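Notes for the one structure printed next.
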Amino acid sequence: ALRSLLTGTRRDGVAHEDGEVTPGFASMAVAVLDRSDHPVAGLALTWPSDDPPARAVAERLRRAASELSRRVGGARDRPMSGR
C-alpha cells in the first residue's frame, strides 16, 4: 500500500491526505526539486475537511513549488492529477 501511494505521489507530483494525520483536516503537499530531481523542500496546505480549497488554490501551490524548483536549479514542471 505504501509503495503504491508513493508511486502515485511521484507520478502526480502532489500528495493528498484527508483525516489520516489529524482527524477533521485534509492536506495537500508538493515537493520542491533540485536539478537531480531530488526533493529539497516541500510546500503544503491544510484545511478543514468540510471546507476544501478551490482547485485554483491547489494549482497555485503546485506552481509555487515549480517556481522554487526552478530557482534552486531544477526545471521540471510536474503536472497535477485530477484530484
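The residues of region 40-63 that are touching a residue at least 24 places away in the same chain (Cβ under 8 Å) and in a helix (DSSP H, G or I), listed by number, are ALA58, LEU61, ARG62. Scanning region 64-74 for residues that are part of a helix (DSSP H, G or I) and open to solvent by less than 60 Å² (accessible area, probe 1.4 Å) gives ALA64, ALA65, SER66, SER69. State yes or no: is ALA54 at pLDDT below 90 and open to solvent by 90 Å² or more (accessible area, probe 1.4 Å)? Spelling it out, it is not the case that ALA54 is at pLDDT below 90 and open to solvent by 90 Å² or more (accessible area, probe 1.4 Å).
If you go through region 1-36 and keep only what is open to solvent by 50 Å² or more (accessible area, probe 1.4 Å) and part of a loop (DSSP other than H, G, I, E, B), you end up with ALA1, GLU20, VAL21, THR22, PRO23, ARG35, SER36.
The values are calculated or read from the model by the stated rules, or taken from the named source; none is laboratory data. For clarity, every value in this text was computed on a predicted model and none was experimentally measured. All Cβ positions, even for glycine, are placed from backbone atoms using ideal geometry, and neighbour counts span all protein chains on display. These accessible areas exclude ligands, DNA and RNA; they are computed on the full protein's heavy atoms, side chains included. Shrake-Rupley method; radii C 1.70, N 1.55, O 1.52, S 1.80 Å.
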